[in-house]
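I have placed the structure first, in the form of structure tokens, so that the comments after it can refer back to it.
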Amino acid sequence: MDDAVQAWHQEAFRRLEEHSGEASIVLRHAEREPIQDPFRHEEAMLTEKGRQSSRELGEWMRERGARISSCVASPVRRCHETAELILRSHGASVEVRGIKLLGHIGPFIDDEELAEMTFRLMHMRDICNGLLEGEDVPGFKDLLSGLTPLMDTLSGDRRPGLSLAVTHDFFIATMAGHALGMSFRGEEWIRFLEPLLLLRDGCQTNVWFRGREAPLRKSAL
């Protein structure tokens, strides 16, 4: 992991040590190969550096005493492999469960033809920022319509211990941006293996990201 991501994990685990309820740590996958064609992004695999970083994170989590009770991941191979490597080096005896919702932005799309045109004209970061700022992004629903089923899936795991989820930059950015009222214009984009926390206490779920924390909002921006 690079220094910035390592620092965010240290902050995240300090917050986890203060928390007595159920929690999930949501990660972007580890470093991947460059994507040449956005419509074939699923073919991009982890680099050797990404594999090593995943193993190092699993070992680090074990040393911090994290007990991983469950694991879900995007079915895209680089996410599944990231999760497998973390679990293996951690020594956690849980299996990776593939969740389509963590790897497919279908719930955010209103018109597939228009959305495809938008993908050809705009970077994913700009699409994400547009949704976070309430703009009309061609082919897309409003942010909350796409985000609600994702957050319901991730915040619904009530098993004790730490739940691990591995997904993509778009999903972490929309979750963090919505909960914390932020966009990523001028902000650093989501890094490989960067963490977001979902902290549950009774009926309340808080979102923690980059040292900031706020309750999960169910209402529109």
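The values are calculated or read from the model by the stated rules, or taken from the named source; none is laboratory data. None of the values given here were measured: they were computed from a predicted structure. Here the Cβ positions follow ideal geometry from the backbone for every residue, glycine too, while neighbour counts run over all protein chains shown.
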Review point. Can you tell me which of Arg88, Arg67, Arg51, Arg55 is surrounded by fewer than 20 Cβ atoms within 10 Å (Cβ to Cβ), within 22 Å of Glu11 (Cα to Cα), at pLDDT 95 or above and of a type in the set (Lys, Arg)?
Key: Arg55
Review point. Assuming Leu144 fulfils every condition listed in (1) in contact (Cβ under 8 Å) with a residue 40 or more places away in the chain; (2) exposed (fewer than 14 other Cβ atoms within 10 Å of the Cβ); (3) in a helix (DSSP H, G or I) apart from one, which condition is it?
Key: (2)
Point to revise | All positions within segment 174-221 that are touching a residue at least 40 places away in the same chain (Cβ under 8 Å), closer than 21 Å to Trp60 by Cα and assigned to a strand (DSSP E or B) | key: Pro195, Leu196, Leu197, Leu198, Leu199, Trp208
Point to revise | So Arg120, is it of a type in the set (Lys, Arg), at pLDDT below 95 and either closer than 21 Å to Arg78 by Cα or surrounded by 18 or more Cβ atoms within 10 Å (Cβ to Cβ) (or both) | key: no
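For (1) closer than 29 Å to Phe119 by Cα; (2) of a type in the set (D, E, K, R), each residue gets a yes or a no:
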| position | (1), (2) |
| --- | --- |
| Asp3 | no, yes |
| Gln6 | no, no |
| Gln10 | no, no |
| Gly21 | no, no |
| Arg32 | yes, yes |
| Ala44 | yes, no |
| Ile68 | no, no |
| Val76 | yes, no |
| Leu87 | no, no |
Practice item. Taking Arg159 as the residue in question, decide whether it is out of contact with any strand residue (DSSP E or B) (no Cβ under 6 Å at 6 or more places or on another chain) and either without any contact (Cβ under 8 Å) to a residue 60 or more places away in the chain or not in a helix (DSSP H, G or I) (or both). Key: no
Check your understanding: In segment 115-127, is there at least one residue being closer than 24 Å to Glu188 by Cβ, over 15 Å from the mean Cα position of the chain (by Cα) and part of a strand (DSSP E or B)?
Key -> no
Check your understanding: Got a sec? Which of Val137, Val166 is surrounded by 17 or more Cβ atoms within 10 Å (Cβ to Cβ), part of a loop (DSSP other than H, G, I, E, B) and at pLDDT 95 or above?
Key -> Val137
